[in-house]
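Take a look at the structure set out below.
Rule-based calculations on the coordinates, nothing more; no lab input. No experiment lies behind these values; they were computed from the predicted model shown. Neighbour counts are summed over all protein chains in view; Cβ atoms, including those assigned to glycine, are modelled from backbone coordinates with ideal geometry.
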Amino acid sequence: MPENDSSPLLVVLSGPSGVGKDAALSELRKLDRPWHFVVTATTRAIRPGETDGVDYIFLDEPTFLDMKDRNEFVECAQVYGRWYGVPRSQVTSGLEAGKDVILKIDVQGAATVRQMAPYALFIFMVPGSFEELQDRLSQRMTESTPEMELRLKTAMDELRQAANFDRQVMNSKDNLRQAVSDIDATIAAEKQRSDRTPIHLL
């Protein structure tokens, strides 16, 4: 029996740093839908409490760069001296199994994925206000003031990209449950579209 009544969907979840993408992803996993959650590969060290292959796929740098040279990543980038990438196999294995694939990625990465999979569903998470985003970032940041200012400027630039996405979902303060419900409903509505084009990675 197939996992889905229609062809599988690639869902790209993006938004500025601090908007709550990881928290939403954690709640989406609990819904027990026929979804495959993409695991990102990284060269950073594993942290206490993390599980290889679940939280991230932890690779040494030579292995990562070899995969990069073989074009095995849908998208990859170096962030603060560490590499992060979305293995192509993580996306294709989910689609081939007939599951909708959920990919969390930053705004720049989403633009790259759009070129490869223009018929994916692109969802952008927005904060209830920029002040909320500022509060979230300040609560979790230990960087200096210039670093914090750079993060906020980047977040503001990313928010301007929201119009490039198919749907926007608001994650306002203390209302994560509503944001998760909206993402779930958006995916369900997209699945019902009769004119939807099947996903193929270019």
Item checked: Spacing of the two label points (7 Å from each Cα toward its C-beta) at residue 93 and residue 80, in nm -> 2.8 nm
Check: Highest mean first, what order results for 46-59, 7-20, 25-38 on Cβ atoms within 10 Å?
Finding: 7-20, 25-38, 46-59
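With both partners inside the chain, how many of the DSSP beta bridges are antiparallel, as a percent to the nearest 5?
On the way: 8 of 27 bridges.
The answer is about 30 percent antiparallel.
The stretch 36-79: which trypsin sites (Lys or Arg not before Pro) are DSSP loop and have at most 13 other beta-carbon atoms within 10 angstrom? Show your work: numbers first, answer last.
On the way: sites: 44, 68, 70; in loops: 44, 70.
When the trypsin sites (Lys or Arg not before Pro) of the stretch 36-79 are filtered for loop state and at most 13 Cβ neighbours within 10 Å, 70 remain.
Name the chymotrypsin sites (Phe, Trp or Tyr not before Pro) in the stretch 71-108 that are in a loop by DSSP and that have at most 11 other C-beta atoms within 10 Å, would you? Don't skip to the answer; put the middle values down first.
Working: sites: 73, 80, 83, 84; in loops: 80.
In loop regions of the stretch 71-108 (DSSP not H, G, I, E or B), the sparsely surrounded chymotrypsin sites (Phe, Trp or Tyr not before Pro) are 80.
Suppose the chain between residue 129 and residue 39 were pulled fully straight at 0.36 nm per residue; how much longer would it get relative to their current alpha carbon spacing?
Values: separation 90, 0.36 × 90 = 32.40 nm, distance 2.94 nm.
Answer, rounded to one decimal: 29.5 nm.
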Notebook entry, point to check: Do any chymotrypsin sites (Phe, Trp or Tyr not before Pro) in the stretch 102-166 lie in a DSSP loop with no more than 15 other beta carbon atoms within 10 Å, and if so, which?
Noted result: 119
Next item on the list: List the lysines whose Cα lies under 26 Å from the Cα of residue 68, skipping any in the same chain that are fewer than 8 positions away.
Entry: 21, 99, 104
Item checked: Calculated mean projected area of the Cα convex hull in nm² (choose from (i) 12.0; (ii) 14.0; (iii) 10.7), label -> (i)
Notebook entry, point to check: Which whole-angstrom value gives the distance between the alpha carbon centres of the stretch 45-106 and the stretch 174-192?
Noted result: 25 Å
